[in-house]
Amino acid sequence: MSTAPSPALEKKLRVEESQGQPGSGTSKSKASFESWGRYPNYSANVIPLHWQSDFPAVTEGLHNGILPVGMGRSYGDVCLLKDGNLLVTTGMNRLISFDPETGVLTAESGITLAQILDFAVPRGFFLPVSPGTKYVTLGGAIANDIHGKNHEMAASFGNHVPSFELVRSDGSRYICSPTQNPDWFAATVGGMGLTGLITWAQLRLKPIVSRMIDYEGIQFHGIDEFLELKKQYQHIEYTVSWLDCVSTGKNFARGIFMIGDHSKVPDDLKPSPEPKLVFPFEAPGFALNSMSVSAFNTLFFHKQMKPHVKTLQDYEPFFYPLDKVLHWNRMYGKRGLLQFQYALPWETAKEGTIAILREIAKSGLASFLAVLKAFGDIPSLGMMSFPMPGIMFALDFPIKPGISFPLMERLGDMTRDYGGRLYSAKDAAMTPEQFKVFYPNWQDFARYRDPMISSSYWERVTGDQPSL
Amino acid sequence: MATTQNRTVSQRKILVLGATSGIAEATCRIWASQGASLFLVARNAEKLNAVAQDLRARGASFVEAAVADLDDTDRHPALLAHAVNAMGGLDVAYLAHGVLGDQTRAEQDFNSTARILHTNMIAPVSLITWLANFFVERHTGTIAVLSSVAGDRGRKSNYVYGSSKAGLSAFLDGLRNRVDREGVNILTIKPGPTKTAMTASMKGSEKFADVNAVAKAIVTAIDKRMDTLYVPFQWQPIMFVIRHIPERVFKKLNL
């Protein structure tokens, strides 16, 4: 005798009915959209975009503001709009053209860098600038003017974007390049999605002959040794350092200086396999205490047993070591994480970095991941771009009520006093006063903001009222 | 043996009807990266053009697109003949067009029901009749059709859509029985909930099947000359249970 199907099955059946249908395009739904730091957590109306023509059509009749977003890999609230409408671009991921002579790829803005790599690597091309994750969209990479390990040679992402189309909520369209509508170009590169929707963009890819990276890892102790290594290896394209911010005393500011160049030896250019590991659950709060972190850091430091290793490494672990574990942010539990990322100018870089590191070590707030690297002199093209020549430093903090935010404010003030700035794409704690010092162009930039578009970040740091 | 059967995967000539649907587009991306020739048909010129551009860039050997309202069955013979001429042959016909329709409205309005039945069953049957005879003459070819698990048993929430798919599935079963011995393969595809533009607004859609995984399964099923594909595969046992619930119990359920 058969039994009745379970409620779960009934539910499953009820949603089954829509299969094999031509896409109708635009619809809306209340759904959760988290930023990577999982803090803050705001509800918003999520509207997927599938076709370039969906915008601004989908905004008709909407109450409250809108914000175009991609993969939600920025950490704080730059990709959030409390009680607003998030236009998710990831369904808009088509290629438009590719010219193997010039390496220029034209694609819809919701394509991810992972999808671009899948297409480009087998054809012998690579991203001109790679962030620490490939799960970001082309539009998001432009909107945050992201940087990578080759900043000293390549500057930031926007420097490799010959042109893109910007569509405003009033339907007006601008083809933007450094020479065509240059003001809109400069406002939109690093403009955090606030100037309009980027519908498509061009990206200048660079030729490679192998997936492999000629990798070297060198242990160092202290900022002086780091600066010495940086000078010694300035001919290498990619450089980044891992830094232990927990240890004090003789291990203070120990780290591993990691460098790499694309291998010049022709090799199989097969596409990457799908990632398999998913961080399966939210870690309980106690899992991440200073003891487990310092053990992790010691382990990491000595994982590289010798002070200097040289090896050939696939580009995946070199550029995207954390992408191997999808949703690693769950390691920080439900409360989420904060990232503190600054750039300091050369004049204060060493002194400031040491002072900030001491402050962090003193706080005892655990952190797995601290990254240190130099920014080069080639200027970024956006009015609100983050990089400046000097030192860049980033690390994650778990959110501990009553402790994390005062520390973040203190560190932000120190960054300000040393003449540096914090990175909007990673921020959830900057004060309006700090923001206005970090980004002195902000009032000029505000004139380019689309009147319908806002973000929780923008409202927080400018004190603007919610739009509409 | 006909020459078309010896064509390698990369030389395959594929006709796609309803090419801007999420599942169809994802399937086409796989074929394009294999270097296939594609003839695409859809209603909306702008969307069709976006899809065609993408497939060209991904490495399709040939892409041509035609805008057509497939409800207009009178146009079918000319359209299909044009597709065959444009590609210089045909190996696979993939039917992915259809409408969900408005069940509540259809319950009150026969004309609305008739339109759903026309789009989802009558129009595909017109296309498939032409295609089947074309392939039978050549003793080769595959017709792959997106039907639905909704056609496996009528339910109150969507029986109009379901019956159109049930009719289509029954037609394909009979046709398969007729043409299999002629070397023609008929694949009935029954997808479960899949993440596409169409389903984006539905509750729980973030848990739906990944459209690229569904597309991959469809490409494999065509290559293996399968008869029926439930995708994701869990839908096969689920629908087995659904089909076997006694009617006196089933009629009381809220499905």
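Taking θ as phi - 60°, what are the ³J(HN,Hα) couplings along region B:81-96 by the Karplus curve (6.51, -1.76, 1.60), each to the nearest whole Hz, with x for Gly and Pro?
Once rounded to whole Hz, the list reads 4, 4, 4, 5, 5, 4, 8, x, x, 7, 10, 9, 10, 10, 9, 10.
Please identify every one of the trypsin sites (Lys or Arg not before Pro) in region B:141-218 that sits in a loop by DSSP and has no more than 16 other beta carbons within 10 Å of its own beta carbon.
Passing both the DSSP loop test and the Cβ count: B:Lys156, B:Lys203.
Report, by chain and number, residues whose modeled amide H sits under 5 Å from the one on A:Gly91, excluding near sequence neighbours (fewer than 5 apart, same chain).
A:Leu49
Find the all-direction average of the projected area of the Cα convex hull for the protein assembly as shown, expressing the result in square nanometres with one decimal place.
It is 34.2 nm².
To the nearest 0.05, how large is the calculated FRET efficiency for A:Thr248 and B:Asn85 if R₀ is 51 Å and r is the Cβ-Cβ distance?
0.05
Would you mind getting the Kirkwood hydrodynamic radius of region A:59-164 from its Cα pairs, rounded to one decimal in Å?
14.8
What ratio of Cα Rg to 2.2 N^0.38 Å holds for region B:7-250?
Relative to the 2.2 N^0.38 Å estimate, region B:7-250 comes out at 0.98.
With charges set only on the Cβ (+1 for Lys and Arg, -1 for Asp and Glu), what does the dipole of region A:136-250 come to about its Cα centre, in debye to the nearest 20?
300
Given 0.36 nm per residue, what is the gain on full extension from A:Arg173 to A:Asp261 after removing their alpha carbon distance, in nm?
Gain on stretching A:Arg173 to A:Asp261: 27.7 nm.
Could you work out Rg/(2.2 N^0.38 Å) for region A:138-184, with Rg from alpha carbons only?
For region A:138-184, the normalised Cα radius of gyration comes out at 1.28.
Can you give the % of DSSP beta bridges in the protein assembly as shown that are antiparallel, to the nearest 5?
Of the beta bridges lying entirely in the protein assembly as shown, close to 60 percent run antiparallel.
With +1 on the Cβ of every Lys and Arg and -1 on the Cβ of every Asp and Glu, and nothing else charged, how large is the dipole of the protein assembly as shown about its Cα centre, in debye rounded to the nearest 20?
Charge dipole, the protein assembly as shown, about its Cα centre: 1860 debye, nearest 20.
Convex hull over the Cα atoms of region B:33-171, averaged projected area in nm²?
Approximately 9.2 nm², given one-decimal rounding.
Just name one of A:Thr311, A:Trp442, A:Trp458: the one whose Cα is farthest towards the positive end of the charge dipole of the protein assembly as shown (beta-carbon charges, Lys/Arg +1, Asp/Glu -1).
Going by the charge dipole, the pick is A:Thr311.
Could you work out how far the C-alpha centroid of region B:176-255 sits from that of region A:389-468, in angstrom?
Each part reduced to its Cα centre gives a spacing of 49 Å.
Values quoted throughout were computed directly from the atomic coordinates according to the rules given, and no laboratory measurement underlies them. Please read all numbers here as calculations on a predicted model, not as lab measurements. Cβ atoms come from the backbone with ideal geometry, glycine included; neighbour counts cover every protein chain shown.
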